[in-house]
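Right, one structure below, let's go through it.
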Amino acid sequence: MKHLTLSFLSLLVLLMTSQAQADKSERLPETIDPDRHYLFYLHGQIVEGSDGHPNHADLGIYRYPEIVKELEQEGFWVISEIRRSNTNINSYAGLISFYVDQLKEAGVPSSKITVLGASKGGMIACYVSNKQQDPDINYVILAGFFYRLKEDPKMLVSGRVLSVHDSADQNNINPKYFLRKSSGVTDEKVVITRHGWGHRLIYEPRYEWVKEVVLWSGINKKKKAKD
């Protein structure tokens, strides 16, 4: 009887886990629905190799699981994972670009694909954009346009590009420089928050940047039309 009870509990835990993971995957879902909006969330470098809650001495705790959950609640199918430490930017961008190709081959319109990257993740998103050269994919760069990378030819972007950063960020973020030199950008927007957060902007699912992601992706257009 004890064995049956443990088996039942194990099954219950499995079902609860499956439900919790319903709209989130480290890879693509087994069945791709062309009507869904898919979002790749690429976290900052500090999260690499961590438990999802790394603590920076000055910036505080990076709330990776909470960010993913918030994006799911906005209606996205979120594709995300905690990368390995010291992940190579260009190689990982190649993997994400491959997944984007798989979505498109399955019938997902480019306009329903969003690549969201924060800090180092934003750099990866730029490389994905450079590889894709697709005018309709949505990109969101959260504090990732580091001016120190201005000599890198792979920091040329394409598609629809939204940049968000806080005015107090000490990393010398300069999105307009990269947007000006990128001829493949079909639509662009730069949002600068002025709350004194600096690079902490990306550490939590703050309303100020989440709302911009939702609007930029167009995920709520259909809902508004029905309303």
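Give the stretch 166-176 a look and list any residue that's assigned to a loop (DSSP other than H, G, I, E, B) and either buried (at least 19 other Cβ atoms within 10 Å of the Cβ) or under 15 Å from the mean Cα position of the chain (by Cα) (or both), or say none. Once the filter is applied, which keeps residues that are assigned to a loop (DSSP other than H, G, I, E, B) and either buried (at least 19 other Cβ atoms within 10 Å of the Cβ) or under 15 Å from the mean Cα position of the chain (by Cα) (or both), the stretch 166-176 yields only Asp169.
Screening the candidates Val210, Val191 for the property of being modelled with pLDDT of 95 or more and either under 15 Å from the mean Cα position of the chain (by Cα) or of a type in the set (Gly, Ala, Ser) (or both) yields one hit, Val210.
Exactly one residue out of Ser163, Ser129, Ser97 is free of Cβ contacts under 8 Å to residues at least 60 places away in the same chain and assigned to a strand (DSSP E or B), and it is Ser163. Per this entry, Glu208 is counted among residues that are assigned to a helix (DSSP H, G or I) and either free of Cβ contacts under 8 Å to residues at least 24 places away in the same chain or touching a Ser or Thr at 6+ places or on another chain (Cβ under 6 Å) (or both). Scanning the stretch 49-94 for residues that are touching a residue at least 40 places away in the same chain (Cβ under 8 Å), under 21 Å from Trp209 (Cα atoms) and part of a loop (DSSP other than H, G, I, E, B) turns up Leu59, Tyr62, Arg63, Glu74, Gly75, Phe76, Ser80, Glu81. With respect to the conditions (1) among the hydrophobic types (A, V, I, L, M, F, W, C); (2) closer than 21 Å to His37 by Cβ; (3) surrounded by 18 or more Cβ atoms within 10 Å (Cβ to Cβ), Phe146 lacks only one, and its number is (2). All conditions but one from (1) surrounded by fewer than 22 Cβ atoms within 10 Å (Cβ to Cβ); (2) within 19 Å of the chain's Cα centre (by Cα) apply to Pro153; the one that does not is (2). Can we say Glu204 is in contact with a strand residue (DSSP E or B) (Cβ under 8 Å, 6 or more places away or on another chain) and of a type in the set (D, E, K, R)? Spelling it out, it is not the case that Glu204 is in contact with a strand residue (DSSP E or B) (Cβ under 8 Å, 6 or more places away or on another chain) and of a type in the set (D, E, K, R).
Here the condition is being surrounded by fewer than 16 Cβ atoms within 10 Å (Cβ to Cβ) and at pLDDT below 95; of Leu28, Leu11, it holds for Leu11 alone. Restricting attention to the stretch 178-200, the residues being surrounded by fewer than 15 Cβ atoms within 10 Å (Cβ to Cβ), more than 18 Å from Met155 (Cβ to Cβ) and of a type outside the set (Asp, Glu) number 4.
The values are calculated or read from the model by the stated rules, or taken from the named source; none is laboratory data. Computed from a prediction, not measured in an experiment: that's the story for all the values here. Neighbour counts are summed over all protein chains in view; Cβ atoms, including those assigned to glycine, are modelled from backbone coordinates with ideal geometry.
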